[in-house]
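The structure appears below as structure tokens.
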Ligand code: HEC
Ligand code: HEC
């Protein structure tokens with residue numbers, strides 16, 4: 001069925017457990033996805049064993065579009081007051097996160113959630129922490145650009161101004177001409193398509209754990225190997241939700257028979273008998289309205305996790321050591337304040353978050369394994385860095 005999908009099929013495949021109602025329809029969207037063969041001049045640069053990301057037919061990969069998208073991703077003109085770009089909250093040095101518990105928008109508004117890593121985001125079938133229907137990177141970009149709850153880049157009402165800002169720049173005149181030789185007019189659609197193309201190239205798969213996977217002797221320490229065994233054990237259960245090549249159960253690639261999207265409650269909060277989380281972060285529930293979806297979020301990929309602190313959808317856990325405390329205790333018991341409640345007893349909590357005891361050696365080994373998921377070449381890769389000169393003229 002590759003190459004021709006319906007919206008209903010996407011919803012069914014991605015979300016068999018929530019989408020029974022959505023699975024009856026047959027709204028044909030046409031050929032959304034490509035075959036896993038490179039298009040045009042573009043050649044993926046993939047780590048050994050990595051499949052190609054799935055690419056929408058309407059937005060094929062080209063080197064020129066990627067280069068245009070990279071300039072836009074790093075451009076302060078993409079915020080109303082010219083103080084922020086996508087890269088302000090998605091910094092390469094932090095594996096494209098912002099190191100804040102919750103992000104800060106261009107006008108000072110605090111985002112209710114933590115900025116996600118964009119490493120391997122092209123392999124994510126659904127985007128953001130808990131939205132089961134946001135599938136396209138080009139569509140997602142509209143939220144930080146034009147969203148008002150919260151304000152991120154603050155471009156609402158400035159659509160024409162944005163186009164004018166881009167049009168008057170000589171670098172963009174060249175880049176749009178190269179990326180869209182047949183019709184180089186600046187449009188919002190081309191802007192978001194190019195940013196999506198750039199993001200699909202943000203591929204990270206050269207960590208010590210990968211080099212070990214590919215047989216390089218001495219790539220990881222004995223401690224990290226012990227930590228890996230614990231991570232993949234039935235005692236700790238981490239792999240059920242953070243397994244596979246991307247270290248998350250939510251994954252897709254070109255030619256995969258159906259994208260997999262999973263949302264889990266890992267017992268962070270429990271404000272009432274229904275297992276509520278602090279507003280406005282009730283996870284999948286905010287999109288489905290089903291009580292059992294309260295507190296269910298996408299399990300983040302654990303690639304580069306040592307670089308992406310603080311952790312969880314609201315940045316409420318500061319260190320990897322404290323993350324292990326959380327899982328060892330089978331969830332978090334908040335004893336005081338407005339978030340008080342015993343997350344360990346959340347009715348929606350996954351059965352895999354069941355607690356365990358680790359010796360100090362085992363705990364250190366688990367952390368060493370998580371640290372060995374860091375891909376230092378990824379955060380130093382010039383292709384992913386800011387292309388603008390330091391003064392930028394912007
Ligand atoms: C103010 C900080 C901020 C800015 C600016 C920002 N982001 Fe984000 N980004 C976030 C936060 C916070 C999330 C989590 C959103 C959510 O769950 O609602 C996120 C999530 C994402 C995701 C989803 C990743 C995943 O794994 O599902 C993508 C893709 C993304 N941002 C791309 C962009 C792009 C492209 C831009 C520029 C057009 C941008 N972001 C600008 C903070 C920001
Ligand atoms: C039932 C599925 C499940 C299991 C089992 C599980 N996790 Fe998670 N993990 C999640 C989800 C979901 C989140 C995000 C939760 C949130 O933000 O509300 C998460 C978040 C994390 C984070 C934070 C990542 C970030 O970028 O914010 C780390 C680190 C982590 N888990 C490590 C582990 C380890 C180590 C284990 C095993 C001891 C484990 N997880 C077991 C589902 C799971």
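If you go through segment 127-148 and keep only what is on the phi < 0 side of the Ramachandran plot, within 13 Å of ligand 2 (Cβ to nearest atom) and in contact with a helix residue (DSSP H, G or I) (Cβ under 9 Å, 6 or more places away or on another chain), you end up with just 130. Residue selection: residue 61 satisfies the criterion of being at pLDDT 50 or above, crowded, with 17+ Cβ neighbours inside 10 Å and under 23 Å from the mean Cα position of the chain (by Cα).
A search for C-beta distances below 8 Å between a residue of segment 214-243 that is under 20 Å from residue 300 (Cα atoms) and any residue that is within 16 Å of ligand 1 (Cβ to nearest atom) and in a helix (DSSP H, G or I), counting only pairs 6+ apart in sequence or on different chains, returns 231/242.
If only residues of segment 129-142 that are in a loop (DSSP other than H, G, I, E, B) and in contact (Cβ under 8 Å) with a residue 24 or more places away in the chain are counted, the one that is nearest to residue 282 (Cα to Cα) is 130. Just a yes or no: is a residue in segment 104-113 buried (at least 20 other Cβ atoms within 10 Å of the Cβ), under 24 Å from residue 52 (Cβ atoms), near ligand 1 (Cβ under 9 Å from one of its atoms) and at pLDDT 95 or above? Looking for residues that are buried (at least 20 other Cβ atoms within 10 Å of the Cβ), under 24 Å from residue 52 (Cβ atoms), near ligand 1 (Cβ under 9 Å from one of its atoms) and at pLDDT 95 or above, one finds none in segment 104-113, hence no. Whether a residue is touching a helix residue (DSSP H, G or I) at 6+ places or on another chain (Cβ under 6 Å) and not assigned by TED's automatic domain parsing to the domain that holds residue 231 was assessed, and residue 387 passes this test.
Here residue 88 does not qualify as in the same structural domain as residue 188 (by TED's automatic domain parsing), surrounded by fewer than 23 Cβ atoms within 10 Å (Cβ to Cβ), within 29 Å of residue 306 (Cβ to Cβ) and more than 13 Å from ligand 1 (Cβ to nearest atom). Just one of the listed residues (267, 249) is touching a helix residue (DSSP H, G or I) at 6+ places or on another chain (Cβ under 8 Å) and buried (at least 22 other Cβ atoms within 10 Å of the Cβ), and it is 267. Taking segment 298-321 as the region of interest, how many residues are more than 19 Å from residue 245 (Cβ to Cβ) and either within 13 Å of ligand 1 (Cβ to nearest atom) or in a loop (DSSP other than H, G, I, E, B) (or both)? Here the count works out to 9.
Of all residues in segment 279-288 being under 11 Å from residue 132 (Cα atoms) and either within 20 Å of the chain's Cα centre (by Cα) or within 13 Å of ligand 2 (Cβ to nearest atom) (or both), which is surrounded by the fewest Cβ atoms within 10 Å (Cβ to Cβ)? Once the filter is applied, the top-ranked residue is 286.
Right, residue 258: in a loop (DSSP other than H, G, I, E, B), over 24 Å from residue 340 (Cα atoms) and within 12 Å of ligand 2 (Cβ to nearest atom) or not? No: the conditions fail for residue 258.
Just to be sure I understand, how many residues within segment 289-301 are within 14 Å of the chain's Cα centre (by Cα) and either surrounded by fewer than 24 Cβ atoms within 10 Å (Cβ to Cβ) or near ligand 2 (Cβ under 6 Å from one of its atoms) (or both)? Counting residues in segment 289-301 that are within 14 Å of the chain's Cα centre (by Cα) and either surrounded by fewer than 24 Cβ atoms within 10 Å (Cβ to Cβ) or near ligand 2 (Cβ under 6 Å from one of its atoms) (or both) gives 3. Would you be able to tell me the number of residues in segment 354-377 that are under 29 Å from residue 119 (Cα atoms) and assigned to a helix (DSSP H, G or I)? Result for segment 354-377: 12. Which of the residues belonging to segment 261-275 are part of a loop (DSSP other than H, G, I, E, B) and within 13 Å of ligand 2 (Cβ to nearest atom)? Selection gives 261, 262, 265, 266, 267, 268, 269, 270, 275.
The values are calculated or read from the model by the stated rules, or taken from the named source; none is laboratory data. These numbers were taken from a predicted model, which means no experiment stands behind them. Quick reminder, even Gly has a Cβ in these numbers, built from the backbone with ideal geometry, and neighbours come from all protein chains shown.
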